[in-house]
Each structure stands twice: as C-alpha cells, then as structure tokens.
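One structure below.
The values are calculated or read from the model by the stated rules, or taken from the named source; none is laboratory data. Every value quoted in this text rests on a predicted model; they were computed, and no experiment measured them. FYI the Cβ positions are ideal-geometry reconstructions off the backbone, even for glycines, and counts take in every protein chain you see.
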C-alpha cells in the first residue's frame, strides 16, 4: 500500500511524501491527543515555485510569492491533496485525519506569525491544538533543519511547505535524513533585512513580522521617501536597525500600508523570505540540490536602495 499511496499522493498534487511511525514522536506527543488510534504520520511536501521568488529577487513583482507561494498552497492545494490522500486510506478501510497548520493560533501570549495579519492571531491557546509541523517534517523524512530553523529538502531546499495525515494504518516509516545540506554558513542570518535572526539561528517573530511586511526601505520599492515620518527612529526602522519589542512592532505595523493585503488575513511578503532565498542560492551554488534548472536563481548582484533616499 505504501507504494500505491506514494504514487497516488504525487498524482493528486504532492511533490514529496514521507512516513513515520507515531512512536517516533515520543510518549508525550500531541498526536496521541489529536488521534489516539494513529499509528502512522504521513508527511506531504509541496514545492513553492522557484519562479514565484524571482519577482522579489529582481524587485519587479511581489504578489506572486504571497498569493501563489503561500495563500494558494495553504488554502487550496494542500487541503485538496490531503483530503484525497485521506479518501484513499478510507477506501482501504483505515481512519485518516488531515493536519494543516493553524496559521492564526499561537501557544505563547506574546508570539505572532509573520505570514498573518497580527490582529488575527489567537494567543495563549492550548498547544495541544496542533502538532509541531517542523519536527514532523524532519521525522517523516521530508528534510533536515537548517541553521535558521527552516526545513531543507534535498530537491527544493527551503522552498517548500508541508502538511500531514494521521492514520491508523500501519505503514513502514522512512529514514530520518542525515543532515547534509546546511553547512552553517550564516547567509540566512546576514540576508534578513531586519536582523531578526540571531547568531544561533533563533528567530524573533515580531521583528521578522515587521520586516516581512516591508519595514526596510533599503529593500522595499514601494516605500515612499517620507515613510514613518511621525516616528523618531524612522531611519533606524528603514535601515533594519531598530530595537523591536512586540508593542513597538505593532506600532510600526500600523504604519506599513505600502502594498495591498491578501485574502484570508495573509500578509504580503516584501522580504520574500530573504533568509530562504539566501539559503537556496548558497545550496544551488554548492550544487547539492537534486532539482536542477537551466539558469541560476541569482543572476546578478543583489540590489539595494540607499538610506540617503529617505533622509
């Protein structure tokens, strides 16, 4: 059945699939609470089109990454594929429960999700509502953890998204990947326009949210010269050097209206996941990604504006 399910999942939209026995997640896994009968976790991987990042890379078009690379995959592609995989399992007589990331639920009271409008986040909600998606991606063999915390896949690097299916079918697990892609080069850290990733790879979600939305004028072609005119540290904000607390982040976010929002409360990504793009470029240049293209992702020197344009 594993072979047939793998072929079917790819036929209905998945770019990769992995399997793990529930026991691999440990005795206290939240999966036991979500679905006590579960015996196998199935990971479904979806590439984010390399081309959707190109507009951000070139500074020419930004909507395609946020709409096609985030919203459409999360709201349409992954739900349909996971439902069809569940239908396949039910036709075989097994229980199956799809698991997609709940983008608006955060366990911590002071946390947020850079991809969502911060006002739509529900905070302090029981962590048991959802599994750890990044951990599950690693344990089902979809990829390895990179320095900046993102899961890296051997074909698509960090240009991926994933969801899961829990089932009471007992299916042989895949091996957890031996880390081989990330060499701790630090280019993901250096690429962030708001310095939201510390030297150990820990992400400050609030700082990330501010600069994901485009607070850095040096990398935002839509920012007017008088942006943040009423804020005393406007140049530090624009340069990506401001001290950002959660409350300060909310104040700055209220003034970022340089680009139209997206449906389903998704925020437009002006940074285009600069950390992921830098990581991808590095992996491609090293020649370690299995998926090859006719031309390199980064074709010329990375562009930036000058801070003097905002003085």
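Give 165, 151 a once-over and let me know the one that is surrounded by 20 or more Cβ atoms within 10 Å (Cβ to Cβ), free of Cβ contacts under 8 Å to residues at least 60 places away in the same chain and in contact with a strand residue (DSSP E or B) (Cβ under 7 Å, 6 or more places away or on another chain). Steps first, please.
Numbers: 165 fails: free of Cβ contacts under 8 Å to residues at least 60 places away in the same chain.
Result: 151 is the single residue among 165, 151 that is surrounded by 20 or more Cβ atoms within 10 Å (Cβ to Cβ), free of Cβ contacts under 8 Å to residues at least 60 places away in the same chain and in contact with a strand residue (DSSP E or B) (Cβ under 7 Å, 6 or more places away or on another chain).
For residue 67, are the conditions met, namely being over 24 Å from residue 86 (Cβ atoms) and without any contact (Cβ under 8 Å) to a residue 12 or more places away in the chain?
Numbers: over 24 Å from residue 86 (Cβ atoms): yes; without any contact (Cβ under 8 Å) to a residue 12 or more places away in the chain: no.
No.
Checking residue 110 against (1) in a loop (DSSP other than H, G, I, E, B); (2) touching a helix residue (DSSP H, G or I) at 6+ places or on another chain (Cβ under 9 Å); (3) touching a residue at least 60 places away in the same chain (Cβ under 8 Å); (4) surrounded by 18 or more Cβ atoms within 10 Å (Cβ to Cβ): exactly one of these is not met. Which one? Just one mismatch for residue 110, condition (4). The single condition among (1) touching a helix residue (DSSP H, G or I) at 6+ places or on another chain (Cβ under 9 Å); (2) surrounded by fewer than 23 Cβ atoms within 10 Å (Cβ to Cβ); (3) more than 23 Å from residue 268 (Cβ to Cβ) that residue 146 does not meet is (2).
Of all residues in region 133-152, those being more than 20 Å from residue 71 (Cα to Cα) and part of a loop (DSSP other than H, G, I, E, B) number 8. Of all the numbered requirements in (1) surrounded by fewer than 15 Cβ atoms within 10 Å (Cβ to Cβ); (2) at pLDDT below 95, residue 293 misses one, and that requirement is (2). If only residues of region 193-207 that are out of contact with any strand residue (DSSP E or B) (no Cβ under 7 Å at 6 or more places or on another chain) and under 17 Å from residue 238 (Cβ atoms) are counted, the one that is surrounded by the fewest Cβ atoms within 10 Å (Cβ to Cβ) is 195. When you look at residue 239, is it within 27 Å of residue 185 (Cβ to Cβ) and at pLDDT 95 or above, yes or no? So residue 239 fits the description; yes. Every test in (1) surrounded by 15 or more Cβ atoms within 10 Å (Cβ to Cβ); (2) farther than 19 Å from residue 147 by Cα is passed by residue 233 save one, and that test is (1).
Return yes or no: is residue 37 more than 24 Å from residue 295 (Cα to Cα), part of a helix (DSSP H, G or I) and assigned by TED's automatic domain parsing to the domain that holds residue 140? So residue 37 fails the test. Scanning region 153-175 for residues that are over 25 Å from residue 33 (Cα atoms), in a strand (DSSP E or B) and within 11 Å of the chain's Cα centre (by Cα) returns a single hit, 160. Considering 185, 192, the condition of being within 29 Å of residue 241 (Cα to Cα) and under 17 Å from the mean Cα position of the chain (by Cα) is satisfied by 192 alone.
Restricting attention to region 40-75, which residues are in a loop (DSSP other than H, G, I, E, B) and under 14 Å from the mean Cα position of the chain (by Cα)?
From region 40-75, those in a loop (DSSP other than H, G, I, E, B) are 48-49, 59-62; that's our starting set.
Within region 40-75, 48, 49 meet the criteria.
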